[in-house]
Structure formats: structure tokens, C-alpha cells
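Read the structure below first, then the notes.
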Amino acid sequence: VEGHFCLSPLSFLQRTSTVSGAPDDEPFSTYFEEKVPIPEDVTQMFSFRKLWAFTGPGFLMSIAYLDPGNIESDLQSGAKAGFKLLWVLLGATIIGLLLQRLAARLGVVTGMHLAEVCNRQYPTVPRIILWLMVELAIIGSDMQEVIGCAIAFNLLSVGRIPLWGGVLITIIDTFVFLFLDKYGLRKLEAFFGFLITIMAVSFGYEYVVVRPDQGELLKGMFLPYCEGCGPAQMEQAVGIVGAVIMPHNIYLHSALVKSRSIDRGNKKEVKEANKYYFIESTIALFISFLINVFVVAVFAEAFYEKTNIEVNAMCNASGSPHTDLFPLDNSRLQVDIYKGGVVLGCFFGPVALYIWAIGILAAGQSSTMTGTYSGQFVMEGFLNLRWSRFARVLLTRSIAIFPTLLVAIFQDVQHLTGMNDFLNVLQSMQLPFALIPILTFTSLTSIMNDFANGLVWKIGGGLVILVVCAINMHFVVVYVTSLSSVALYVLAGLLCIAYLCFVGYLAWHCLIALGVSCLDVSCLASRVSNNRPSVFIEEQPEYDT
């Protein structure tokens, strides 16, 4: 079976006989040197002690929903559309939760994360292409996070720390923070919880100071309509989806759930772990959603439909040294992470600017750390690495840091923040390379046993992935057409053909896993040659007792 990719359930069972095995069969991992024990409590349907034991991975995962790219998308949404796109943010977060549920279930049931499963199931060439695409997504996300940290240091130092200096500081402190898990996994998770708390307090402070209209906020959140919206608002809505649902986060979450001590041979324990992880993920994403709402509401209330000349006058009156950022014209205010802090300082005082910068620093620092973990898991899974922790951190950091450092040296802060759209497009294009595999593998009983996706999840998951990918591809098309270059059009066309062929390859196998057996040409040919009926017979592997 090795080297032959036939997605019939029987062949998957043959390829993954160790996936459903006992805990001793788990593949090598250089990350989890300890596993958090789960307390015994057989008398209760729900235990807060058990929920606390499972709490951690979901909050680390939720940091990707709070990275500087998301924060910039939030503030632009508020400044361009007011409260009108909050329902898009809510819908994207719910979709993200459902996708994270699939990632967590894969890790809990199989004892392997998504990169490891891909490494075992896909042939060599598709596996390498898949790895490269996921690495591109991680690099794009990491650049946004490092840029966010550098901008935060620049704002906090009143411009004394240049952008390249902020990038270098981020390199050093990321290495320091990443080795916190040497002192215990729970301490590391507590530190991430502390950074999320800083974000909540910082952006919550801005929310209290600005005092948004609560009626308009609730209307925008629960009324799926955008009155008076034009192309700019529609593009922003697409951008929200692209910023919230990130491909590398699926790989990350499927690995983080391996940090708890679960007997995978015990069906009850596996079911219980899935339940508590889903509850924890729901709480974590609810908190991240509130923080995102704080940012959208602040810029919707204070800066929606503001013009450059109005902001220029306010900054001039407040004595801000950044007045020249806003030209004397009546065009709509265009903001990013850097300008967002400046205008908050102009309208609400220097304290608002510094607290904003602290929140951005916490967002950038926490997300760049989890991004590094994602890179480690992906490289370990796809390449089956046996490197030391330091070597893997050094490599994954260097891949993203060096291009970011070069950009920071040769570009000013305004051009640096303008890269956000390009990086969002880059990550949007990589979404199918996480969403399609996770739906494929969680739909196979040969891998997931009794925890494979049911019919509702197969259909619903397929539709969600189709919609998300279509929305993000629209975002890509809008960005490419705005480049106004024939040479770039031709290059984009050639890349799109290759891209769509590979996405089609993954989708073909996904459809087979979802039950469209007529697409499995190799297996059908085998049945015809053996005069067997074209019907799949799934073998149900039993749990170890």
C-alpha cells in the first residue's frame, strides 16, 4: 500500500494501522516533554477540575485570531464600514470554531497532528508541495506578527526605536519566551493567558474611553445586512474572513491537544477529551471575539466617515508630531496599525496611544510565539525531523525574520504596514491546504474510528470549506486586478493554473473520503479486474481494551 494513494477506507486502514493503536505507538515528538494529567472524576457529567486540566491549547490557538493582521482588519472594518460588518466577524469566528473542532478531534483520536497524518497519507511529491504551501502561510503570518511588534516598539519609544531595531528585539525575546516551557507546560500556557489579558485590558480601555453606541453595535452584530455599502466595504468583509481563518492554526491546534495525557484506547476518555476541548475552544474564541469587537467598535464610533483634514486639524490641535501623516484633503481616513495608534492619541490623548501600542505588542509577541510553534510542528510532521529544539526554533525563526528584517531596513513604517493586504492574500491562497486535508482525514473511519464525521458534518464541512475558499479567492482576485500590470497578470494566470490543479487533486481525494466512491479510479479498476462489485466495504477497527 505504501506509495499508492488510494483513498478507499480499506487502504487507509492498511496505511494507518498504527494511528488507531495504543498510546505507545505515538510517533516521536521533540516538543511535548511532559503531558498534563487529567484528574479522575467518574461521578459527574461535567467537572470544572477536568475542564481546567484541558484548558490551555484552545487559548494558544485563539491567539491567531488576535494577531496584528486581525487587529488591522478590525480597525479598517470600523473606519470603513462602522458597525455594519460585525456580523461578518461573528460568522467568521463561528466557522473558525467549527474548523478548530475538527483539528482538535484529529489530534485527540489519532495521537498525531495534521502534518504527521499528511506525511503518512500523501505521496512524496504532493506532500512536499503541501509542506511548501503551509510554510508560505506561516511565513506570511509571521511577518505580520513581527511587523506588529516592531510598530509597537516604535510607538512606545516615540520613534526612537527604528523598525529594524524592533524586529531584532522581537527575535531575541521570542527565543527567550519560547524556552519558558522548560519550566513547565502549564506555566507557558499561563504566560499566554497573561498576554491575552493584556490585550483585553488594553483594547477594553479604548472601548470604555470611546463609549460606542451599544444599540448600533448589537444591530451590526446580529443583522446580516450592510446598508449603503459599496465595493470598499465588500472587499473589507472578504478581508475579515481571510484574516480570521488562518491555515497554520489548523495544524497548530491539532498538535497542541496532544499535550494532555489521554488513553486513546479508551473510547470514553477520547469522547470526554473531545467534549472538554470543544468547550475550552468555545470559551477561548468567545474572548478573542470580544477583543476584536472592542477594536472594531472603537474605530467605528470615533473614526467612521472621518476625513483626513478633520484628523489633521485634531492632531495639530493636540500637538502631535505625526500631523503630516494626514494630508489636507477631504478624502476618507485610511488607517492601519501605526496610524490607528496615532489618531487615538490625537483624539483621546497620549495615554490612549501608549495603551494601544501595549495591546499591539502583546498581540504581536504572543502570535509570533505560536507562529513559531506552528512552524516547528509542520516541519517536524512533514519532514520527520529529529533536530534539537534550538535548531528547529532557529530555522523556523530565520525563515520569517530575515525577509521581514530586510523590508524593515529599506522601508518606512507606512510602507511596512501596507504589506498587510499582500500578506492576507498570501495566507488566503493557502487556506485549502489546511481545510481540505482536515476534512478528508476526519471523515475516514479507518483513521477516526467511531469519531469520524457524520453525514451532517461531511456535507456542512464541505460547504463551509467551499464558501470560505471561494470568499478568499475573491479577495485574491480583487488584489491581483488592482496591480494594473500585464506582466503580473500573465504570471498570476500561470500560477493560478498550477495552484488550481493541486487544489483539485486534494479536493478529489477529499470527495472520495466523503463517500463519492465513483471518483476512486484506481480502486474501481482493481475491483473490475477482480470481478468484484463496485461497493466499498469499510472495516471498523476496534479500540484496544
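Assorted remarks:
- Mean Cα-pair separation over length for the stretch 48-519, i.e. relative contact order, pairs under 8 Å, 6 or more apart, %: 33
- Surface share of carbon and sulfur [accessible, 1.4 angstrom probe, percent] for the stretch 48-519: 71
- Heavy atoms of Asp336: accessible area, 1.4 Å probe, square angstrom to 10: 20
- Rounded to the nearest 20, the Cβ-based charge dipole of the stretch 184-274 about its Cα centre (Lys and Arg +1, Asp and Glu -1) stands at 700 debye.
- Each of Tyr499, Ala115, Met234 was scored by the projection of its Cα onto the charge dipole of the stretch 48-519, and the greatest displacement toward the positive side belongs to Ala115; charges sit on the C-beta of Lys, Arg, Asp and Glu.
- Projecting the Cα atoms of Gly96, Ala243, Val167 onto the charge dipole of the stretch 48-519, computed from C-beta unit charges around the Cα centre, puts Gly96 farthest toward the positive end.
- Estimated FRET transfer efficiency when R0 is 25 angstrom, pair Arg49-Val456 (beta carbons, to 0.05): 0.20
- Pair Leu385, Ile172: separation of 7 Å Cα→Cβ label points (nm): 2.4
- Loop-located trypsin sites (Lys or Arg not before Pro) in the stretch 104-162, at most 15 other Cβ atoms within 10 Å (DSSP): Arg160
- Once the 1.4 Å probe is applied to the protein heavy atoms, the stretch 48-519 comes out at 37 Å² accessible per residue.
- Under the combined filter of DSSP loop state and at most 12 neighbouring Cβ atoms within 10 Å, the stretch 431-524 retains none of its chymotrypsin sites (Phe, Trp or Tyr not before Pro).
- Cα-centred dipole magnitude for the stretch 269-333, charges only on beta-carbon of K, R (+1) and D, E (-1), debye, nearest 20: 100
- The stretch 119-200: C-alpha gyration tensor shape, a/c 1.5 cut-off, then a/b vs b/c: oblate
- What you get for the stretch 48-519, charging only the Cβ of Lys and Arg (+1) and of Asp and Glu (-1), is a dipole of about 1700 debye around the Cα centre.
The values are calculated or read from the model by the stated rules, or taken from the named source; none is laboratory data. These numbers come from a predicted model, not from an experiment. Every residue, glycine among them, receives a Cβ derived from its backbone with ideal geometry; neighbour counts consider all protein chains shown. Areas reflect the complete protein model, heavy atoms only, side chains present, ligands, DNA and RNA absent. Shrake-Rupley method; radii C 1.70, N 1.55, O 1.52, S 1.80 Å.
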